[in-house]
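> The structure that follows is given in the form of structure tokens.
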Amino acid sequence: MSEKLRQSGIEGLGDIAWGSHFCQFYETKQDMHELLVPFMKAGLENNEFCLWVIAESITKDECISVLQQQIPNIELHLQRGHMEILKHDEWYLDKGRFNSAKVIKAWGTKLEQALTNGFDGMRVNGNEAWLELKDWKDFMDYEKRLNAIISDWKIIVLCTYKLANVDATVILDVAHAHECAITNRKGQLIILEVPEIKQLKARLKKMNEELAQKVAERTGELSEANAELTKMTNDLRKLSNHLQDIREQERKHIAREIHDELGQLLMAMKFDVAWLHKKLAATDEAIFEKLKALDEQLDDLIRSIRKISADLRPSLLDDIGLEAAMEWHLNEFKKRTGIDYSFEETNHDLKLPDPVKTVLFRIFQESLTNIARHSNAKHIQVHLARAKDAISMTVKDNGKGFNPQVLNTSNSLGILGMKERVAELNGRFTISSSPKSGTCISTWLPLK
């Protein structure tokens, strides 16, 4: 049975579940209609097939007239098979006698037809004013059996009893056979529930309240845990970026030390070798060749020192700016890998905050490293552009590309580092790639 509640259409009763079986006691036709018309209207409005089984005291035309007051297009519903109005003898009686097995089978058949025709379920009213004394016991047994049978069906049944036809004992039997009994007393709708249903509803209400309390408590705990997790994530990000800053400063310091101290020392040694070279006689060929080899080794060492210093942090980045450092790095990259490049900048003489300049250069550096290792590219396009309050950089290659899902693996720590650097500066970092289509890395950073 679907757990979704359905609109009853009856004020005071509210929403009800599939399998509901309740009754109405009425004195006048007006009492009956005031309940039945909104009940049927709610069914039609919510894609339920509606069946109204009437007694002799009311005609089909009278039913249509009453329904039309709240459902102007009722005749269209009847024509399209959304609703049927049947006489009690067409539904309940078999050769003039009540046949409970036939009726229960008919409910199942009708419901199956409704579901096949696309309805959500079925809504039924049966007027029991036709009942005679000889049929009461069988009919009450049928009502009780119906409770168990339809509990798993997508059906709602409202049985209607005329008060003039029943005594106090019968009223109690009828009420006990239904989930609740509804009557109209002095213009006020009264709903009476059997004790079992009342107790069940009370238990359900208590369980819902307890569940709501537990959900609220659990939600509060989850909110606190999420807040703590967010704080820890932010703290880790700050720590990570602080370590990056420290490492960047150390790189800068070491690069300067290597360039200035070791570089100057090696240049001094090179001058000394050149002085010895001049002073020694040309005839001392062995020493002459040794000095020449030493001079070449010093040249190699100076180049290595410069490369190590530049890899740590190019002095050009601090001395003359990002563009020059990038272009120098691209030129060195081409010499080392043979991969050609084009470099375009829309603004010259970019004056950038040091954190922005450093992040862009490190992303640029990491991008070139990945291209050399993985892409099999023949050409790189680098574009650097500054708007009024932001700067963007793209590094695009024509290599073999890759499936972006591999970025979720542990081998993509370099890319994760790029993302973290950009996030710290409230920027945006994207990678677009697909197999055989190259890769494009885009970075956007605000300058305010």
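> Cross-link candidates for LYS162: which aspartates and glutamates have Cα within less than 15 Å, leaving aside residues fewer than 8 places away along the same chain?
GLU27, ASP31, GLU34, GLU56, GLU128, GLU132, ASP173
> Here's something else I'd like to know. For the stretch 9-97, which trypsin sites (Lys or Arg not before Pro) are in a loop by DSSP, counting at most 11 other Cβ atoms within 10 Å?
Listed in order of number, the matching sites are ARG80, LYS95.
> Can I ask one more? Per residue, what volume in Å³ does the Cα convex hull of the stretch 317-446 take up?
About 99 Å³ per residue, rounded to a whole number.
> Right, another one. Step through the table entries LYS105/LYS154; LYS334/LYS396; LYS60/LYS87; LYS4/LYS105, compare each Cα-Cα distance with 18 Å, and write down the pairs that go over it.
LYS4/LYS105
> Using modelled amide H (1.01 Å from N, peptide plane; none on Pro or chain starts), what sits under 5 Å from the amide H of LEU189, excluding residues fewer than 5 places away?
So LEU189 has HN proximity to no qualifying residue.
> Step by step: find N for the stretch 6-193, compute 2.2 N^0.38 Å, then divide the Cα radius of gyration by it. What's the final number? Spell out each step's value before the answer.
Values: Rg = 15.3 Å, N = 188, 2.2 N^0.38 = 16.1 Å.
This ratio for the stretch 6-193 stands at 0.95.
> Ranked by Cβ crowding within 10 angstrom, fewest neighbours first, how are VAL382, VAL103 ordered? Provide the component values of the computation, followed by the final result.
Numbers: VAL382 21, VAL103 18.
So the residues, fewest neighbours to most, are VAL103, VAL382.
> Grab the other residues whose beta carbon is less than 11 angstrom from that of ASP15, score K and R as +1, D and E as -1, and report the net. Present the calculation step by step, with values, prior to reporting the outcome.
Numbers: positive: LYS4, ARG6; negative: none.
Computed value for this residue: +2.
Since every read-out is calculated from the coordinates, none of them should be taken as a lab result. This is a predicted model, so every value here is computed, not measured. Virtual Cβ from ideal backbone geometry, glycine too; neighbours counted across all protein chains shown.
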